[in-house]
Amino acid sequence: MPARVGLLGNPSDGYGGRTLGLAVDAFSATVTLTPTGDQPERRGITLVPHDDDRASWRSSAELADHLDRFGYGTGPQVMAAAVRTFIDVTRGLAARGETVRPPEDFELRYETTIPRQVGLAGSSALVIATLRCLMTHSGLDIPDAVLASLALRAETEQLGITAGLQDRVVQTHGGLVAMDFSHLVTEPRFGVAHGHYEAMDPALLPPLFLAYLPASAEPSGAYHGTLRARFDAGDTVVRSTLRELAALVTEGRAALRWHNAERFGELVAANMELRRRLGPLPERQVALVDMAGELDAPATFAGSGGAVVGVATDEDHLDRLDRTYRNQGAHFLRL
């Protein structure tokens, strides 16, 4: 499954809003399922840790720094949440009288190139990749729109993460997706709701770039938890800002269809200004946005981690941005 960047509207997806997101195929998470039913000594369910799933540190300072940056969720824990959710799906379908084979006797391994905790949706990519493996293993076909909602359920119900549908929708559909969550439709067979999703031609996009600082990685749960609490408490600033963020998507779709790159860039810049209004933001991530602004490139947060996405005018502009970011120790990628 690919990484993703949010271009417009984020984080209104969790609040009945609209978003525009793009899959980033340069990064991906891959899960491999190996059936073990024909090997009695290996029967059961095994989730194999990756090298990144550390269980030892050289000092207490290193342990604290690692957990502060990456949180407590390991790959096997994320995959376990996906497996648990899939089990619930098969049980629900069986209760409806369908003949469904529950997931049994397999081993799951994973690899990922998605940078951790920089806002590129690495955890949801791992969840979706796991669910797709289980679908094949059990012979169960799940539509993409439903799969995205099941992935969200795995993260919210099993892992306790506050999140919206955007990441999972972009990763299940791929490419450039405009999403509208204002009127959710419930899928009775699977018992989850989904919005209206429109695939758009990525060729409509102006030149885009992605930049991030690995050292600025940090879990986004606290930010989203605080935002949810303020929204639920009726905070007028939060609610009005989320509505304005959602409205940017309608304008952004029109700007792309009219090939108005300048207007699209203005909307990306407006998205960032609205994000600032929602509350305190990580200084190092904001610095990456401001760095782009100094070179006349509108930019905004790619998610709620350490990455930013921005709009350039041409290859020369991208070259200048590339040099500037790399001189500051940031990773830079043309999208």
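The values are calculated or read from the model by the stated rules, or taken from the named source; none is laboratory data. All of these numbers come straight from a predicted model, not from anything done at the bench. Here Cβ is always computed from backbone atoms with ideal geometry, including for glycine, and neighbour counts include all displayed protein chains. Accessible surface areas use protein heavy atoms only, side chains included; no ligands, DNA or RNA. Shrake-Rupley method; radii C 1.70, N 1.55, O 1.52, S 1.80 Å.
Structure summary
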quantity: Candidate set from the range 101-136 (those that are open to solvent by less than 30 Å² (accessible area, probe 1.4 Å) and part of a loop (DSSP other than H, G, I, E, B)); member that is farthest from Gly164 (Cα to Cα); calculated: Pro103
quantity: Among residues of the range 95-122, those that are among the polar types (S, T, N, Q) and touching a Lys or Arg at 6+ places or on another chain (Cβ under 9 Å), counted; calculated: 1
quantity: Residue check, Thr156 surrounded by fewer than 17 Cβ atoms within 10 Å (Cβ to Cβ) and closer than 27 Å to Glu244 by Cβ; calculated: yes
quantity: Qualifying residue in the range 139-152 (condition: within 30 Å of Ala94 (Cβ to Cβ), modelled with pLDDT of 95 or more and acidic (Asp, Glu)); calculated: yes
quantity: Selection count where residues are closer than 20 Å to Ala3 by Cβ and either part of a helix (DSSP H, G or I) or open to solvent by 60 Å² or more (accessible area, probe 1.4 Å) (or both), scope the range 162-198; calculated: 8
quantity: Residue, modelled with the highest pLDDT, within the range 2-44, restricted to residues that are open to solvent by 40 Å² or more (accessible area, probe 1.4 Å) and among the acidic types (Asp, Glu); calculated: Asp25
